[in-house]
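Let me begin by presenting the structure, written as structure tokens, before commenting on it.
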Amino acid sequence: MKKNKYKELTSNTLLFSISTFGAKFISFILLPLYTYILTTEEYGTAELITTTVSILLPVLTINIQDAVLRFCLDKKSNSDDVLKVAVDIVVASTAILGISLVFLSLLNFTAFNKLHLFFIFVIYAANAFYNVISVYLQAQNNVFIFAIGGILNTLITCILNIVLLLEARLGLTGYLISYVGGTIVSIIYMIFSSKLYKRKFFMTIDWRLGRELIRYSAPLVFNSLAWWINTASDRYILAFFCGNSITGIYSVAYKIPTILSTIQSVFYNAWSISAIKEFDKEDSDGFISKVFILYMILSISCCSLLLILNIPIAKILYSKDFFTAWKYVPFLLFGAVFNGLALFEGCLFSAVKKTRTISVTTIIGAAVNTGLNLWLIPTIGATGAAIATMMGYVVIFSSRLLMLRNIVNLHVKWKKLLVCFALLLMQSVVATLVATILIQIVAQFILLSFIIILSKKDMKCIFEFALKKIKRRCSA
């Protein structure tokens with residue numbers, strides 16, 4: 001039984017990596033194209049459009065995709081009925097948004113022009129349906145179809161970017177078409193591959209089940225809003241105090257931390273399934289604790305390595321005026337470590353349906369983030385935004401850890417991990433303040449060496465496990 005737990009987690013992680021890494025890898029390849037073709041203002045506007053959609057999604061859909069995953073994995077619920085409720089909520093929310101945007105356009109009561117409002121609508125609709133369908137497929141163990149859909153999304157996005165930005169020179173419009181085009185094609189593929197088109201979504205709905213789903217997912221709306229404050233609100237505050245140009249540069253700085261977030265998200269998607277299926281309050285076989293420790297050490301190690309490579313990567317990814325974004329990366333990277341760990345903890349709360357606790361902890365972090373943003377951005381600009389984001393994630397992780405003691409019994413050596421976090425913070429400070437590349441790299445290598453010495457036993461477990469899987473694959 002214990003082996004099956006690790007086997008399923010590993011198998012799902014590999015499939016999610018196929019889907020996720022392709023998309024993120026292409027986005028990094030295309031980043032120099034974006035920073036070369038688009039101006040800092042255009043890129044800033046694009047980020048504001050996609051950020052606006054990211055806040056509308058959880059509010060209007062009531063985060064229904066989270067309920068789809070939880071209830072489809074629950075043997076007591078009928079998965080088809082769960083999907084019907086979710087699709088109807090998405091359809092209704094899309095209609096509400098469409099009508100609202102038309103009125104805003106007619107009244108000229110928005111900072112966006114009509115074309116931007118159109119893209120907000122299309123991007124919202126595409127992402128809302130994609131979220132529900134992809135989560136349903138994951139819960140139904142159709143991870144392979146989801147993975148292929150992710151690859152297809154990547155390929156179409158890449159092709160559209162090359163054609164519309166390089167050939168047609170459509171600028172911001174071409175970027176937005178490319179952004180949503182791959183998602184739409186991926187949705188069509190997943191619907192037909194899984195034969196979802198045969199389901200009768202608009203027949204009689206089980207309203208009792210619908211109320212259960214909403215009761216579960218509704219508190220997560222506040223979680224998403226607070227999470228949005230941690231990840232995106234700083235861009236609006238930056239735009240207000242410093243203008244769209246610095247917002248565009250700061251937005252680009254997120255691309256390097258996204259490397260770490262991508263590695264974490266691959267595992268997180270697989271863990272969100274295992275956490276529900278294999279939850280054990282006493283963690284009697286140590287499964288949850290071991291996975292938590294390995295995930296934590298992997299996150300710290302990847303962050304440390306990326307801090308060393310920050311400026312070299314920035315020289316490759318960032319063109320022209322965007323290069324100064326390297327200064328804001330270190331604290332965003334440090335924050336990304338705690339972001340991933342907080343998400344890991346969130347899966348455990350979801351397993352016992354404690355969604356209110358998830359929301360409360362995120363709101364606490366968001367309050368800290370907002371206060372620091374309003375204080376630091378007028379003083380030190382985008383660096384202040386990065387520090388505020390970092391602190392928001394640290395607070396969320398810490399508050400969830402305190403509340404987690406009543407949920408599951410974790411067996412973790414916290415003193416050693418706290419020292420690793422302290423070394424990583426020192427490395428982030430060095431990476432921000434020391435502009436001389438050689439001195440910065442030498443100092444960071446010394447700090448990384450201490451982290452490796454402290455966590456060598458856990459790292460050895462990771463390498464041995466990975467090597468065993470590779471040998472098994474090769475001999476198959």
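The values are calculated or read from the model by the stated rules, or taken from the named source; none is laboratory data. Owing to the predicted nature of the structure, the values given are computational and were not obtained by experimental measurement. Cβ atoms come from the backbone with ideal geometry, glycine included; neighbour counts cover every protein chain shown.
Please indicate, with yes or no, whether at least one residue in region 369-376 is within 30 Å of F287 (Cβ to Cβ) and assigned to a helix (DSSP H, G or I).
Looking through region 369-376, none of the residues is within 30 Å of F287 (Cβ to Cβ) and assigned to a helix (DSSP H, G or I).
Do you know which of the residues in region 181-205 that are aromatic (F, W, Y) and at pLDDT 90 or above is farthest from the chain's Cα centre (by Cα)?
Going through the qualifying residues, I end up with F192.
Report, by residue number, each residue of region 224-238 that is among the hydrophobic types (A, V, I, L, M, F, W, C), assigned to a helix (DSSP H, G or I) and surrounded by fewer than 22 Cβ atoms within 10 Å (Cβ to Cβ).
L225, W228, I237
When M403 is evaluated against the numbered criteria (1) at pLDDT below 75; (2) farther than 22 Å from L298 by Cα, which criterion, by number, is the only one it fails?
Here M403 clears every test but (1).
So in region 447-476, with the set limited to residues that are more than 28 Å from the chain's Cα centre (by Cα) and surrounded by 13 or more Cβ atoms within 10 Å (Cβ to Cβ), which one is modelled with the highest pLDDT?
So the residue we want is F450.
Can you pull out the residues in region 81-103 that are out of contact with any helix residue (DSSP H, G or I) (no Cβ under 7 Å at 6 or more places or on another chain) and surrounded by fewer than 21 Cβ atoms within 10 Å (Cβ to Cβ)? Break it down stepwise before answering.
So the first thing to find is which residues in region 81-103 are out of contact with any helix residue (DSSP H, G or I) (no Cβ under 7 Å at 6 or more places or on another chain), and the list is 84, 88, 91-92, 95, 99-100, 102-103.
Of everything in region 81-103, those that are out of contact with any helix residue (DSSP H, G or I) (no Cβ under 7 Å at 6 or more places or on another chain) and surrounded by fewer than 21 Cβ atoms within 10 Å (Cβ to Cβ) turn out to be D88, V91, A92, A95, I99, S100, V102, F103.
Report every pair of residues separated by at least 6 positions or lying on different chains whose Cβ atoms are under 6 Å apart, first residue within region 259-274 and farther than 22 Å from L317 by Cα, second of a type in the set (D, E, K, R) and surrounded by fewer than 22 Cβ atoms within 10 Å (Cβ to Cβ).
Cβ pairs passing all conditions: none.
Would you confirm whether any residue within region 133-144 is closer than 15 Å to Y189 by Cα, of a type in the set (G, A, S) and either modelled with pLDDT under 85 or under 21 Å from the mean Cα position of the chain (by Cα) (or both)?
yes
Counting only residues that are polar (S, T, N, Q) and under 25 Å from V87 (Cα atoms), how many does region 110-129 have?
So the count comes out to 1.
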